[in-house]
1. How many square angstrom of accessible surface are buried between A and B, both sides summed, with a 1.4 Å probe and rounding to 100?
2. List the distances, in nm and shortest first, from the label point of B:N181 to the matching label points in every other copy, placing each point 7 Å from Cα along the Cα-to-Cβ direction.
3. Is it possible to state the helix-based mean residue ellipticity at 222 nm for chain A, with each DSSP H run of 4+ residues giving -39500 (n - 2.57), the sum divided by total residues, to the nearest 500 deg cm²/dmol? What is it?
4. Along Cα→Cβ at 7 Å, what distances in nm separate the B:L147 label point from those on the other copies, shortest first?
5. Ignoring ligands and nucleic acids, what accessible area does A:M167 show with a 1.4 Å probe (Å², nearest 10)?
6. Work out the mean other chain Cβ neighbour count within 10 Å for the residues of A:165-175 and drop it here as an integer.
7. Tell me the distances, shortest first, between A:G48 and the same position across the other copies, using label points 7 Å along Cα→Cβ, in nm to one decimal.
8. Using the alpha-carbon centroid of each, what span in Å lies between region A:112-136 and region B:102-118?
Protein chains: 2
Amino acid sequence: MPGRPRDERTRSVILRRAADIASLDGLEGLSIGRLATDLGVSKSGLFGYFGSKEELQLATIRAATAVYVEEVVQPALSVPPGLGRVHRLCENWLSYSQRRVFPGGCFFFAVNAEFDARPGRVRDAAVAASLDWTRFVARAVDDARQLGELAVDTDPDQLAFELIAFMETANAVSLLHDDPNAYERARTAIRRRVPLQKSSQGA
Amino acid sequence: MPGRPRDERTRSVILRRAADIASLDGLEGLSIGRLATDLGVSKSGLFGYFGSKEELQLATIRAATAVYVEEVVQPALSVPPGLGRVHRLCENWLSYSQRRVFPGGCFFFAVNAEFDARPGRVRDAAVAASLDWTRFVARAVDDARQLGELAVDTDPDQLAFELIAFMETANAVSLLHDDPNAYERARTAIRRRVPLQKSSQGA
DNA sequence: TCTAAGTACGAACGTTCGTGCTGAGAATAG
DNA sequence: CTATTCTCAGCACGAACGTTCGTACTTAGA
């Protein structure tokens, strides 16, 4: 049973690179031999860290999740609940995608599209991460609603759907058409959909 | 019939199946051996139709484009320009995704996400198809605007971005979370963003 | 009927994939 | 110091990949 007691720092270096590659070529396009060559270690040595390709893929998703939480989620939690947090959340996401924290744009956009029709543990992990994120956005929206900063009859899931749609499409368009305007389009759409300040129609 | 290229009907059967597989597993996950086994022909025989994997991928994109045009674009052209056509376009797209014309949802959503960061002819073809579609939607929106059915200061590219965002995200959410509500969310978002009938705020 | 063209086949090429096994060398315990 | 443990590189394996090749078989035209 290999995989466990190895150097933790080396492991995280491997996984950070794995996430970069996966954002570009997908988690299937990520091959152990190529990753090993890339990092200047042997294929079997790297393999020993994980024990199987599927474990490597799952570990890569966990590592990417940590980056995502640090880049997008955490800094939004430092803002009090309400519209401010909603906007901060969206801006963090757009910045995370635009700055190419992963060279292939949002890691999860790539992986979700790759595994959305392939059963297995990797898909399950991707689905769970996506669900967490969707709920987090909906919660932030609902907080703002309950604080009276959005109309009482606002459907948090519906609004979260629309905000996520703008963000992910900005990511997609920017990558595919190398069009930096995509992010400004998303920002415009978000501003149009969600008021910047508390409106006068609170409950 | 000497001199004729290989049987055109067989070729299109191959490509239709290739598009189905690619919508599920991507154009890289589409392997010649598997496709041949799937269709009950020899690998080399199938290979002879295309000459290289890249040519097979390009031909598959062309075949999928034909399906897309027939399912989404053509029937929208049968309704006169204006808001009606815009709504028809969106509804055709959502129906095409929801009915799983390709078993993995929208073929182009899968392929675009797969190749958005990989240079090459396949990417170029995907980009071109995406650009055509985006312009087609923006044109339909602009037609409606010029007919006075949308506010004169409507930005067609911006609105097209938002509509496409709703549609593609419905496709993604439906696949990943097996959530049929996703399409209704998109329809709700579209109705909210684009009036069903000509409003009173025309130019 | 004979010939030429052309399709589709099986076999095999070299490469890369994921995955085991083995053995050298470093680290650590007594 | 030796003895044990752990890590990683090297090598080999079988399978699958895209691709090439030689060759039966089919068919059109002379």
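1. Working: alone 10840 and 10900 Å², together 18560 Å².
About 3200 Å² of accessible surface is lost on pairing.
2. 3.6
3. Details: 10 runs with 144 residues, N = 203.
Helix contribution divided over all residues of chain A: -23000 deg cm²/dmol.
4. 4.3
5. Counting only protein heavy atoms, A:M167 exposes about 0 Å² to solvent.
6. Working: counts 14, 5, 2, 6, 9, 2, 2, 10, 7, 1, 5.
Average neighbour count from other chains, rounded to a whole number: 6.
7. Output for A:G48: 5.0 nm, nearest copy listed first.
8. Using only Cα atoms, the two centres lie 16 Å from each other.
The values are calculated or read from the model by the stated rules, or taken from the named source; none is laboratory data. Being a predicted model, the structure only gives us computed values, none of them experimental. Backbone-built Cβ (ideal geometry, glycine too); neighbour counts: all protein chains shown. These area figures cover heavy atoms from the full protein model, side chains too; ligands, DNA and RNA do not enter into them. Shrake-Rupley method; radii C 1.70, N 1.55, O 1.52, S 1.80 Å.
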